[in-house]
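Q: Input: one structure, supplied below.
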Amino acid sequence: MQRRTPLSAAASVLAGLLAIAAAGCAPVGGAPEIALLLPDKKTARYETFDRPIFEERVAARGDYGVLYANADQDAAKQQQQAESALAAGVKVLVLDPVDAKAAATIVGAATAQGVPVVAYDRLVDGGGLAYYISFDNVRVGELQAEALAQALAADGAPDGGVLMVNGSPTDSNAALFREGARRVLAERGVTVLAEYSTPDWSPDKAQDWVAGQISQYGERIAAVYAANDGTASGAIAALRAADVQPLPIVTGQDAELTAIQRILTGDQYMTVYKALRPQAERAADVAVDLVEGREVTGELEVDGTPATLLVPVAVTVDDIVSTVIADGFWTVEDICTPAYAAACTAAGIREDETP
């Protein structure tokens, strides 16, 4: 067996750090021990909430370096980032995969080096994971469809029709959202006119597709099931460009600030709030426990992996104060900018509302 000399070990570390820079990874703290690999920047939550909360929690647990990288919705780039993190000697990978199937290669490479992988938000296909932390994603779809069906019934059009703007075909969660939504819509007798899996969760691609469906279905479109707030923004842009009046019911997910503001103005009907702080903090705690050699256990198992699945919450205009404001996810100041002051007043949201 060849023994590594101190000089060769230093050279290896240097090579790893150079690879980190080339892969677009950003180290936080000391020597990297935990890698956080997130999938995209189009979804606002990752840079606004997940990353800073995760890094803050790790720092609170001890002097552990966090190596961060965002793949910009590129599975090959994420593969390179993972390889660079492993070369740098990280002890745990926290991975939110761009492509749930392709990411099995990352898990295989990490486990071969004795590095456990925590699946964050999206489950990686193929097993071999140390932990999985997410939300009840079937329930997300059910909440969206339940709100949509109730709004249709209130409008006197309980049977639809609905355009379904689903999530990315490479995102394992997107299939779960669709499963939950489809089941509820079928149970309520809602008519699905057409559906689309949105590549890369792209708002622009969602907008283009909805524009084509408006030309085909016109006034038959009573609602748009949009799987997240980004695709909802694209759908609404298409509806506005076509001067559709009144706007159909539009769903969403992630409680993005712009989505909350659209809900206030009536452009979007609802979103799904997922409390990202407990998700990111749980992932950070699991990662630190693994670095320290502790056994980790979950409240349940998903595909044989110990897991935590948090509870999502539906948010309409009537729930903004009791959910995102009460939790400090967004403040009244964030939401009620001058352009939305009148809408906030109409919704009963006051400046003195505090978490």
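The values are calculated or read from the model by the stated rules, or taken from the named source; none is laboratory data. In this text the structure is predicted, and so the values were computed from the model without any measurement. Counting neighbours? That spans all protein chains shown, and the Cβs are built from the backbone with ideal geometry, glycine included.
Q: Q279 is checked against (1) outside any loop (DSSP other than H, G, I, E, B); (2) at positive phi and fails just one. What number does that condition carry?
A: Exception for Q279: condition (2).
Q: Just the residues that are within 19 Å of the chain's Cα centre (by Cα) and surrounded by fewer than 23 Cβ atoms within 10 Å (Cβ to Cβ), please, taken from segment 280-307.
A: E281, R282, V302, A307
Q: Out of the residues in segment 21-47 that are part of a helix (DSSP H, G or I) and crowded, with 16+ Cβ neighbours inside 10 Å, state the one that is modelled with the lowest pLDDT.
A: Within segment 21-47, the match that is modelled with the lowest pLDDT is A23.
Q: Could you tell me whether A238 is assigned by TED's automatic domain parsing to the domain that holds V94 and at pLDDT 95 or above?
A: no
Q: Test of understanding: among L310, L257, L247, which residue is surrounded by fewer than 20 Cβ atoms within 10 Å (Cβ to Cβ) and within 19 Å of V138 (Cα to Cα)?
A: The unique qualifying residue is L310.
Q: State whether one or more residues within segment 248-264 are in the same structural domain as R61 (by TED's automatic domain parsing), of a type outside the set (G, A, S) and assigned to a loop (DSSP other than H, G, I, E, B).
A: Scanning segment 248-264 turns up no residue that is in the same structural domain as R61 (by TED's automatic domain parsing), of a type outside the set (G, A, S) and assigned to a loop (DSSP other than H, G, I, E, B).
Q: Taking segment 219-262 only, how many residues are within 15 Å of the chain's Cα centre (by Cα) and more than 21 Å from S168 (Cα to Cα)?
A: Residues flagged as within 15 Å of the chain's Cα centre (by Cα) and more than 21 Å from S168 (Cα to Cα) within segment 219-262 amount to 1.
Q: Report, ordered by the first and then the second residue, all pairs with beta carbons closer than 7 Å, sequence separation of six or more or different chains, a first member in segment 114-127 that is assigned by TED's automatic domain parsing to the domain that holds A85, and a second member that is of a type in the set (K, R).
A: Short answer, once both residue conditions are applied: V115/K91; D125/K101.
Q: Output the residues belonging to segment 95-131 that are of a type in the set (F, W, Y) and either surrounded by fewer than 17 Cβ atoms within 10 Å (Cβ to Cβ) or within 14 Å of the chain's Cα centre (by Cα) (or both).
A: Y120
Q: Shifting gears a bit: Here are some residues: Q144, Q81. Which one is in contact (Cβ under 8 Å) with a residue 40 or more places away in the chain, more than 18 Å from E33 (Cβ to Cβ), of a type in the set (S, T, N, Q) and assigned to a helix (DSSP H, G or I)?
A: Q144
Q: I'd like to verify a number: residues in segment 194-247 that are part of a helix (DSSP H, G or I), small (G, A, S) and closer than 18 Å to A151 by Cβ, how many?
A: Residues that pass the stated criteria total 2.
Q: Please work out which residue is surrounded by the most Cβ atoms within 10 Å (Cβ to Cβ), limiting yourself to segment 144-166 and to residues that are farther than 23 Å from Q207 by Cα and in contact with a strand residue (DSSP E or B) (Cβ under 9 Å, 6 or more places away or on another chain).
A: E146
Q: Can you go through T323, T297, T308, T345 and tell me which one is assigned to a loop (DSSP other than H, G, I, E, B) and of a type in the set (S, T, Y)?
A: The conditions single out T297.
Q: Then there's this: Within segment 320-355, can you find the residues that are of a type in the set (D, E) and free of Cβ contacts under 8 Å to residues at least 24 places away in the same chain?
A: E333, E351, D352
Q: Can you report the number of residues in segment 198-208 which are crowded, with 23+ Cβ neighbours inside 10 Å and either under 24 Å from A186 (Cβ atoms) or among the hydroxyl-bearing types (S, T, Y) (or both)?
A: Qualifying residue count, segment 198-208: 2.
Q: Related question: Being at negative phi, in contact (Cβ under 8 Å) with a residue 40 or more places away in the chain, out of contact with any helix residue (DSSP H, G or I) (no Cβ under 9 Å at 6 or more places or on another chain) and not in a strand (DSSP E or B) is the requirement here; does L152 meet it?
A: Considered against the rule, which asks whether it is at negative phi, in contact (Cβ under 8 Å) with a residue 40 or more places away in the chain, out of contact with any helix residue (DSSP H, G or I) (no Cβ under 9 Å at 6 or more places or on another chain) and not in a strand (DSSP E or B), L152 comes out as yes.
Q: Here's something else I'd like to know. Go through (1) within 24 Å of I236 (Cβ to Cβ); (2) surrounded by fewer than 21 Cβ atoms within 10 Å (Cβ to Cβ) and name the single condition E333 misses.
A: So E333 meets the others, but not (1).
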